[in-house]
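The values are calculated or read from the model by the stated rules, or taken from the named source; none is laboratory data. Keep in mind that what you see is a predicted model, and the values were worked out from it rather than measured. Methodologically, a virtual Cβ is constructed for each residue, glycine included, from the backbone with ideal geometry; neighbour enumeration extends over all protein chains shown. Side chains are part of the model used for accessible areas, which takes the heavy atoms of the whole protein and leaves out ligands, DNA and RNA. Shrake-Rupley method; radii C 1.70, N 1.55, O 1.52, S 1.80 Å.
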Amino acid sequence: MPSAELVQEAARQMVICNACRYCEGYCAVFPAMELRRAFSAQDLSYLANLCFDCRDCYYACQYAPPHEFAVNVPRVFAELRADTYRDYSWPRLLAGLYRRGGLAGGVISAVSVAAVLLLVLVLGGPGVLLSAHVGQAAFYRVVPYAAMVLPALAIALFGLAVLLAGAIRFWRDTGGSLREMLDGRALLRATADAFTLRYLAGGGAGCNYPDEGFSQSRRWLHHLVFYGFLLDLAATTVAAAYDHLLGRPAPYPLLSAPVVLGTLGGVMLVAGTVGLLVLKRRSDPAPAERRMVAMDVAFLLVLLLTSLTGLLLLALRETGAMGALLAIHLGMVAALFVTLPYGKFAHLVYRYAALIRGAIEQARA
Amino acid sequence: MPDRFYDVVVVGGGNAALCAAITAQRGGADVLLLEAAPEALRGGNSRHTRDIRYMHDRAGAFVTGAYTAEEFWEDLQRVTGGETDEALARLTISESADLGDWMPAHGVRWQQPLKGTLHLARTNVFFLGGGKAMVNAYYDTARKQGVEILYEAEVQRLNVDDGVFRSAVVARGGASGEVRAKAVVVASGGFEANIPWLKEYWGEAADHFVIRGTPYNQGRLLKELLAHGARPVGNPREFHAVAVDARAPKFDGGIVTRLDSVPFGIVVNREASRFYDEGEDFWPKRYAIWGGLIARQPGQIAYSIVDARGAGRFMPSVFPPLQAGSLTDLAGLLGLDARALVATVEAFNRAVRPGSFDPSRLDDCRTEGLEPPKSHWALPVDQPPFWAYPLRPGITFTYLGVTVNRQAQVVLRDGRPAPNLFAAGEVMAGNILGRGYLAGFGLTIGTVFGRIAGREAARHAVG
């Protein structure tokens with residue numbers, strides 16, 4: 001659970017906001033706040049996860065520091081979210097990774113890449129890494145089928161289970177039955193809000209990144225990352241179907257569906273993650289929270305390296321670098337999936353749950 | 001200090017000053033804006049606002065119906081009791097007609113009325129994010145347009161020869177310098193944050209006043225203009241004040257310290273006596289008089305008391321209520337004479353006549369044979385727990401100002417207008433709102449006269 005001081009501080013700020021309400025037009029947080037008079041730790045973690053960190057409220061706030069009320073909602077909510085991601089993940093040992101997002105991301109990436117390289121060396125010898133492999137099932141000559149598919153499947157399933165368990169626990173703790181979650185209209189509304197990033201639009205003018213001026217840059221960059229990620233997921237799914245249903249293992253020709261989807265997704269991911277990293281670097285530190293920034297940067301870097309190595313592999317797959325690049329790329333993919341439930345990716349799960357709760361509450365109110 | 005000769009210098013950093021600076025720059029003038037506050041606290045009292053009243057002939061996306069010039073004028077006459085310059089008032093109203101377009105064109109964004117303020121949904125339009133968001137938008141517009149802005153720049157003196165402005169003496173960062181310009185717009189607010197000045201009229205009572213807005217409204221420029229022969233307008237003793245929580249910060253507490261609990265219980269003074277009809281009229285209409293009422297009570301303090309029936313019926317406030325299981329214990333918490341409080345409440349409860357309680361209309365729940373009466377929403381105060389909020393007068397603005405003409409030129413005592421000395425905003429609002437209060441109207445005056453002052457100052461400076 002978040003510390004008592006953090007809960008008390010967040011509740012203090014919410015009481016001020018609830019007596020003011022000037023920000024109620026910005027996002028879903030303030031209308032949800034207005035349905036309450038007191039703020040429990042659970043209420044606050046729900047509200048915190050409903051916050052998209054657009055910062056409109058911070059720059060509009062007449063009580064922001066240096067005012068003695070020192071209201072800084074984006075910051076206190078970022079602290080609460082970091083605690084949510086930690087508290088609802090499992091096992092506790094790995095949940096500790098949240099405390100050192102950047103370091104953990106780096107270590108896990110390095111270990112994963114080294115592990116795959118080692119695996120290839122042990123299974124195939126150094127020659128495999130340094131020679132060109134072309135033609136049908138060339139990738140499996142570098143990493144055998146079972147070694148590629150089984151660990152990946154295990155890691156992904158484990159991550160999915162951790163996130164699902166976290167989401168269920170979060171939903172129950174913030175006060176709802178699971179049956180309640182299956183509200184068609186609320187699901188539709190929450191999904192639309194998530195896919196359009198409605199609350200990063202700031203009512204039209206955008207959000208306050210990197211500073212108090214309004215811009216749509218964060219929203220568009222986030223779209224690039226999110227939809228790039230989905231395209232890459234689609235590419236992988238289509239490739240798996242080709243391999244297992246049609247008996248056509250990778251690599252595929254340049255104009256095949258997996259390569260086109262994957263390349264487009266990869267380019268979007270590179271552009272989006274680089275853009276967001278630049279935006280983070282330039283943005284005002286006052287409404288930011290240290291742990292969350294570290295987590296953001298770690299996740300963006302792992303995503304960026306995964307996409308970059310994937311694109312490189314595509315470009316150089318007919319050269320002698322192919323073996324090593326494949327090993328490195330697979331290592332990065334492994335790192336990405338290992339860290340998914342313990343890093344910034346988790347925001348997707350808790351924010352979506354909070355959006356559903358918000359939609360249910362507003363429909364009732 | 002910038003060593004340049006400006007066309008127009010604007011003194012102040014709130015809504016009126018920004019509207020003047022933007023308009024003067026657009027009129028071709030080289031403009032310097034001098035804001036006394038640091039950047040983070042810029043914007044004067046405008047940062048605490050949230051909506052503006054303006055004339056419009058039909059409903060729109062953000063207003064629910066028409067608000068005609070005639071109705072606007074009637075509202076103004078009613079609240080001021082006639083203490084208004086009709087020509088300037090009608091000018092303000094007619095010039096407000098395009099605010100719905102002008103403000104968004106300069107970066108301000110609208111939103112639906114906030115919950116709890118629906119009584120203003122027809123006449124007023126609300127800013128997305130409130131007054132500070134509006135002020136931020138104007139600063140952004142002004143900066144992009146090329147207005148030069150200096151923060152923590154305090155104008156200490158104006159050099160004026162027989163009504164002609166020459167220069168301003170400005171203190172900044174321990175140094176002071178002289179800024180020369182062809183014209184000046186004074187838009188630096190009233191004097192409500194100047195406690196020693198308030199004491200000239202209110203004596204020691206002023207120590208107990210809470211100032212809801214910026215501590216930078218010291219009225220230095222108002223005093224300076226009066227010293228240079230400007231004709232005063234408005235009652236210097238009077239201010240607009242609402243009831244705020246006595247635990248509020250001395251300055252800048254803004255909206256969150258106000259209390260809406262009054263109609264749902266009783267209000268007693270330090271002697272535990274009631275002193276005014278808590279149910280006289282709807283709270284939005286009566287809200288504005290309670291600061292003045294409390295300012296005239298002993299010790300400038302009062303206590304709003306509600307029981308379990310009243311709790312939760314009003315907007316939450318920022319400080320928790322003082323709570324007790326009995327009136328005697330509550331009196332102990334408040335430092336009131338317990339027997340006196342119990343007697344007051346019992347007398348009130350005995351006088352309450354049965355009726356059907358309805359906060360949405362002037363209902364028939366009232367007292368009989370009680371002085372002062374409670375005319376509506378009177379329910380017995382007898383269900384524990386009992387809640388109390390200590391109340392103080394929360395000063396919003398002062399009425400004293402300088403007289404201006406239709407060109408926003410300062411009018412001198414002998415009736416001559418000062419050729420290059422303009423005023424806008426709270427420093428001249430007393431011409432139009434000599435008394436009373438109309439929600440969102442201070443900003444209307446500031447925006448209309450800010451634009452007029454900016455336009456005329458630029459015309460004077462660059463022809």
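A few points about this structure:
- Shielding of B:118-130 by partner chains, average beta-carbon count, 10 Å: 3
- Inter-chain shielding of A:57-65 (mean C-beta neighbours from other protein chains, 10 Å cut-off): 6
- Helices of chain B meeting both criteria, an alpha-carbon length of 15 angstrom or more along the long axis and an average Kyte-Doolittle score not below 0.0, with helices taken as full DSSP H segments, are B:15-26, B:338-351, B:441-462.
- Between B:Arg366 and B:Arg353, B:Ala378, the built amide H atoms are under 5 Å apart, and every one of these is 5 or more places off in sequence or on another chain.
- Taken as entire DSSP H runs, the helices of chain A that both span 27 Å or more between Cα atoms along their own long axis and average -0.5 or more on the Kyte-Doolittle scale are A:101-124, A:145-173, A:217-245, A:257-282, A:290-315.
- Around A:Phe139: net Lys/Arg minus Asp/Glu count, Cβ-Cβ under 13 Å: +1
- In this simple spin-label model, placing a label point 7 Å from the Cα along the Cα-to-Cβ direction at both A:Leu348 and A:Ala165 gives a separation of 2.0 nm.
- The length gained by stretching the chain between B:Ala343 and B:Asp162 to full extension, at 0.36 nm per residue less their Cα-Cα distance, is 58.8 nm.
- Which of B:Thr447, B:Thr141 is most accessible, then next, and so on - probe 1.4 Å: B:Thr141, B:Thr447
- The stretch B:301-348: trypsin sites (Lys or Arg not before Pro) in DSSP loop, at most 16 other beta carbons within 10 Å: B:Arg309, B:Arg313
- Gain on full extension, evaluated as 0.36 nm per residue between B:Asp358 and B:Gln383 minus their Cα-Cα distance, stands at 7.1 nm.
- In order through the stretch B:2-9: 3J(HN,Hα) via Karplus (6.51 cos²θ - 1.76 cosθ + 1.60), integer Hz, x for Gly, Pro: x, 8, 9, 9, 8, 6, 9, 10
- Gyration tensor (Cα) of the protein assembly as shown, equivalent ellipsoid semi-axes in angstrom: 59, 35, 21
- Potential extension, B:Asp57-B:Phe5 segment - 0.36 nm per residue separation minus Cα distance: 14.4 nm
- Ordering of A:72-79, B:6-13, A:355-362 by burial proxy (mean other Cβ atoms within 10 Å per residue, highest first): B:6-13, A:72-79, A:355-362
- Computed E for A:Leu130/A:Leu314 - FRET, C-beta separation, R0 25 angstrom, nearest 0.05: 0.85
- Here the label points at B:Gln407 and A:Ala234, each 7 Å from Cα along the C-beta direction, are separated by 6.7 nm in the simple model.
- Counted charge near B:Arg220, where neighbours are those whose Cβ lies closer than 11 Å (Asp, Glu -1; Lys, Arg +1): 0
- Ordered by solvent-accessible area of protein heavy atoms (1.4 Å probe), largest first, the residues A:Asp232, B:Asp85 come out as B:Asp85, A:Asp232.
- A:Leu245 versus A:Met1: modelled label distance in nm, points set 7 Å from Cα along the beta carbon direction: 4.9
- With the whole protein complex present, A:Tyr242 retains an accessible surface near 50 Å², based on a 1.4 Å probe.
- Span from the the stretch B:361-392 Cα centroid across to the the stretch A:71-94 one, whole angstrom: 46
- From phi via Karplus (6.51, -1.76, 1.60), per-residue ³J(HN,Hα) for the stretch A:126-138 in Hz, x at Gly/Pro: x, x, 4, 5, 10, 10, 7, 10, 10, x, 3, 6, 4
- Candidate residues A:Met1, B:Met134: accessible-area rank, largest first, probe 1.4 Å: A:Met1, B:Met134
- Counting only heavy atoms of the protein chains and using a 1.4 Å probe, A:Cys57 has close to 20 Å² of accessible surface.
- Proximal charge balance of B:Gly131 [Cβ under 12 Å; K/R count +1, D/E count -1]: +3
- Taking every residue in A:10-21 and counting other chain Cβ atoms within 10 Å of its Cβ, the average works out to 4.
- Pairs beyond 32 Å (Cα-Cα), from B:Lys144/B:Lys182; B:Lys182/B:Lys223; B:Lys182/B:Lys250; B:Lys115/B:Lys223; B:Lys132/B:Lys374: B:Lys182/B:Lys250; B:Lys115/B:Lys223; B:Lys132/B:Lys374
- Secondary-structure-derived ellipticity at 222 nm for chain A, considering helices only, amounts to -22500 deg cm²/dmol, per-run term -39500 (n - 2.57) for DSSP H runs with n ≥ 4.
- Cysteines, the protein assembly as shown, no other Cys beta-carbon under 4.7 Å: A:Cys17, A:Cys20, A:Cys27, A:Cys51, A:Cys61, B:Cys19, B:Cys365
- For A:Ser89, nonlocal amide neighbours, meaning residues 5 or more places apart or on other chains whose placed amide H falls under 5 Å from its own, do not occur.
- Backbone amide hydrogens, once placed in the peptide plane, bring B:Asp7 within less than 5 Å of B:Asp30, B:Lys182, excluding anything fewer than 5 places away on its chain.
- The protein assembly as shown - share of DSSP beta bridges that are antiparallel (%, nearest 5): 70
- Take each peptide in A:256-265, A:106-115, B:43-52, A:43-52, count the other Cβ atoms within 10 Å of every residue, and average; sorted highest first, the result is B:43-52, A:43-52, A:256-265, A:106-115.
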